[in-house]
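The values are calculated or read from the model by the stated rules, or taken from the named source; none is laboratory data. Computed from a predicted structure; not experimentally measured. Virtual Cβ from ideal backbone geometry, glycine too; neighbours counted across all protein chains shown. What goes into the accessible areas is simple: the full protein's heavy atoms, side chains included, and nothing from ligands, DNA or RNA. Shrake-Rupley method; radii C 1.70, N 1.55, O 1.52, S 1.80 Å.
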Amino acid sequence: MAIAHGPVVLLLLQLLHGVAESRQHSGTVTLGGEHGLQWHFLGKFGYAIGTGRYEIRLRLQGTSDEDQELPRPDLDVFLDEDWPSATTLTPCRRALDGPARRSHAMLEPGQFGEWGRWQSGAVYQKVRPHIWYFALSDCRDEYAGGVLDAHRASYTVDYEIRWNQFDNSELSLEMRYMPVATYVSMLALTALGLRVAVRCQCVRKFYGHLHPVIHVLGLAMALQWVSQALHLFHLHAYEHDGVGAPVADVMAEVLFVLSQVVGASLLLAMAQGYT
């Protein structure tokens, strides 16, 4: 019976397999100049109850002339309760009328290929967890004179932003229990594998050999087990540095898909009458 229900249990275990996205986020945005380049969404992070932290640093692409003013974009932080209404406003009214619950004015980007200093902030929630949204904006012209200078040159900056929970974990709220879930699923898969191995030994002793279907099912389970192990390793690393082990995560996904392909191929073959 353990062998017969193996594919069903394997399928249930696969549903627990998740993909983590790094919470040390980086990218490139263009700001300033013509209308529509004044505001860029960077990312979001789910904070648990307590005091969470975030850090950001910028790097200006290209070199600026000595006479040119160094651009100083702002970091705006929105609460999930305000985000839907904030997105309906024009870009330069979102921080003021959204409103942004935190706003770091005039971030200093690094120049000549160097990163600027890390600039940090904190968010606090005590009633329930919240998702916070982060955006870069450059609305100085509109704030100062009410009229946007469309002739001011645009500029491009690279950014890196890091998010941390109250306990320094870099897992967002929705991923907070993923390491535990992956560990439990791996234990269940290990127990199932041992049970199947014991039954296979009994069948081998009685019949002298194992049916090829059992070998294929064992291959699918082995691929799934290795995939879970690599994914668990990635999650533990990711929880501490926000990056994890990308190579291990990619290999876990590849092995996970291969396990599904092997299992699906086996079911298709049996449906076609293979015994």
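Answer yes or no as to whether Tyr274 is open to solvent by less than 80 Å² (accessible area, probe 1.4 Å) and of a type in the set (Phe, Trp, Tyr). Against the criterion (open to solvent by less than 80 Å² (accessible area, probe 1.4 Å) and of a type in the set (Phe, Trp, Tyr)), Tyr274 does not qualify.
Looking across segment 186-223, the residues that are surrounded by 14 or more Cβ atoms within 10 Å (Cβ to Cβ) and charged (D, E, K, R) come down to Arg195, Arg199. Taking first residues from segment 86-110 that are without any contact (Cβ under 8 Å) to a residue 12 or more places away in the chain and partners that are β-branched (Val, Ile, Thr) and part of a helix (DSSP H, G or I), no Cβ contact under 6 Å between residues at least 6 apart in sequence or on separate chains turns up. Residue check: is Ala48 of a type in the set (Gly, Ala, Ser) and closer than 15 Å to Leu136 by Cβ? Answer is no for this residue. For a quick check of your reading of the model, give me the residue pairs whose first member lies in segment 187-205 and is among the small types (Gly, Ala, Ser), whose second is open to solvent by less than 50 Å² (accessible area, probe 1.4 Å), with beta-carbon atoms closer than 7 Å and at least 6 apart or on different chains. Here the result reads Ala188/Leu13; Gly193/Met221, each pair linking segment 187-205 to a residue that is open to solvent by less than 50 Å² (accessible area, probe 1.4 Å). If the condition is being more than 11 Å from the chain's Cα centre (by Cα) and within 14 Å of Ile131 (Cα to Cα), then segment 174-187 contributes only Arg176.
Of everything listed in (1) modelled with pLDDT of 85 or more; (2) within 24 Å of the chain's Cα centre (by Cα), the single unmet condition for Leu235 is (1).
Every residue, every condition in (1) in a helix (DSSP H, G or I); (2) aliphatic (A, V, I, L, M); (3) closer than 30 Å to Val213 by Cβ; (4) open to solvent by 70 Å² or more (accessible area, probe 1.4 Å), yes or no:
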| position | (1), (2), (3), (4) |
| --- | --- |
| Tyr238 | yes, no, no, no |
| Val247 | yes, yes, no, yes |
| Leu255 | yes, yes, yes, no |
| Leu268 | yes, yes, yes, yes |
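The set of residues in segment 171-200 that are outside any helix (DSSP H, G or I) and touching a helix residue (DSSP H, G or I) at 6+ places or on another chain (Cβ under 6 Å) contains only Leu171.
Among all residues of segment 48-58, there is at least one that is open to solvent by 50 Å² or more (accessible area, probe 1.4 Å) and not in a strand (DSSP E or B).
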